[in-house]
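Colleague: Handing you this structure, nothing more for now.
The values are calculated or read from the model by the stated rules, or taken from the named source; none is laboratory data. Please read all numbers here as calculations on a predicted model, not as lab measurements. For neighbour counting, all protein chains shown are included, and Cβ atoms are generated from backbone atoms with ideal geometry for every residue, glycine included.
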């Protein structure tokens, strides 16, 4: 199969570019769709919050030594632009899929472009409990996203889209010679950049052997982090969108403030545990 | 054209989700054996194992979507609400 793909011109460098461009295209498709059906306020609020939450937290993960993204074309901080872009696009998709699965065709009539205005009494479950409703919806979002990541992360290791820190004594980051330039030709971000962030996190792994519990070859903490990230973000986003009396500017200010709070809290809470 | 616009407007999410799943499925099938061994996993030793796993973990979500969004038989003869209906 691999040899056949190479004969068709799908060589390693092409596959890496195809991955990056596919994710950027996915982001653009979702962004345009959101502008179309939800309008500029909600689109900017959701996509900016999700993009920067992921960009900051993923970059902290890279600088902490947990993993690197070698060989991409476009970077923001220490992360390929495609990474936070595709994360918020995936969340955008999953939120709406969850809504349709839970509310059936009632969820079709929720576009601002159709004149929809939120009336939370129409969408709360469990006898009107907003918190329980948000918890269930956010949990479904997180589980659906986790299901994707359980397949995506092993594929990322196979295709060298990103590389996890090896679990060896004394190893707390990715040093020279660890990354084989398989599937890409641009040799950038081949090792963990040396910064004070790496020094700060290294103290939590004094013996190395970082993230010893691996599932399908991937650190267990990765799957926990993915679940928590999606759960927290979609809970906060849905909470803000359910505020029917809040204006657009207030919703945006609150969501962005929550994201600013999320970045240090989640980065510390999800990088340090050496599971 | 209106039908296409309607589907893109109201069902783009599930189309993109299916596209995402299909990409994962194909990547699993095309994964080189020597790279799959990098995982060091006893459960996944060949690429198609991941493709198979995606059938159980990822594909049920769009299938649940399609099942939940189907129109009940009793309503098929009725007109859909305005927002659900492509323009004539």
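Colleague: Based on this model, can you work out whether residue A:141 counts as surrounded by 14 or more Cβ atoms within 10 Å (Cβ to Cβ), within 13 Å of chain B (Cβ to nearest Cβ), closer than 23 Å to residue A:224 by Cα and touching a strand residue (DSSP E or B) at 6+ places or on another chain (Cβ under 6 Å)?
Modeller: No: the conditions fail for residue A:141.
Colleague: Kindly list the number of the only condition in (1) within 14 Å of another protein chain (Cβ to nearest Cβ); (2) at pLDDT below 95 that fails for residue A:29.
Modeller: Of (1) within 14 Å of another protein chain (Cβ to nearest Cβ); (2) at pLDDT below 95, only one is false for residue A:29: (2).
Colleague: Sticking with this one: Run residue A:252 past the list (1) under 20 Å from residue A:61 (Cβ atoms); (2) touching a residue at least 24 places away in the same chain (Cβ under 8 Å) and report the number of the one that doesn't hold.
Modeller: (1)
Colleague: Identify all residues within the range A:199-241 that are more than 23 Å from the chain's Cα centre (by Cα) and over 30 Å from residue B:44 (Cα atoms); write none if there are none.
Modeller: A:199, A:200, A:202, A:203, A:204, A:206 - these are the residues of the range A:199-241 that are more than 23 Å from the chain's Cα centre (by Cα) and over 30 Å from residue B:44 (Cα atoms).
Colleague: For residues that are within 14 Å of another protein chain (Cβ to nearest Cβ), surrounded by fewer than 17 Cβ atoms within 10 Å (Cβ to Cβ) and free of Cβ contacts under 8 Å to residues at least 40 places away in the same chain, scanning just the range A:77-113, find the one that is nearest to the chain's Cα centre (by Cα).
Modeller: Applying the filter and picking the extreme gives A:102.
Listed here are the residues, each with its yes/no results for (1) at positive phi; (2) without any contact (Cβ under 8 Å) to a residue 24 or more places away in the chain; (3) surrounded by fewer than 20 Cβ atoms within 10 Å (Cβ to Cβ); (4) part of a loop (DSSP other than H, G, I, E, B).
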site: A:182; (1), (2), (3), (4): no, no, yes, yes
site: A:187; (1), (2), (3), (4): no, no, yes, yes
site: A:198; (1), (2), (3), (4): no, no, yes, no
site: A:230; (1), (2), (3), (4): no, no, no, no
site: A:233; (1), (2), (3), (4): no, no, no, no
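Let's see how each residue does on (1) at pLDDT 90 or above; (2) assigned to a loop (DSSP other than H, G, I, E, B); (3) touching a helix residue (DSSP H, G or I) at 6+ places or on another chain (Cβ under 6 Å); (4) more than 7 Å from every other protein chain (Cβ to nearest Cβ):
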| site | (1), (2), (3), (4) |
| --- | --- |
| B:17 | yes, no, yes, no |
| B:37 | yes, no, no, yes |
| B:43 | yes, yes, no, no |
| B:49 | yes, no, no, yes |
| B:52 | yes, no, no, yes |
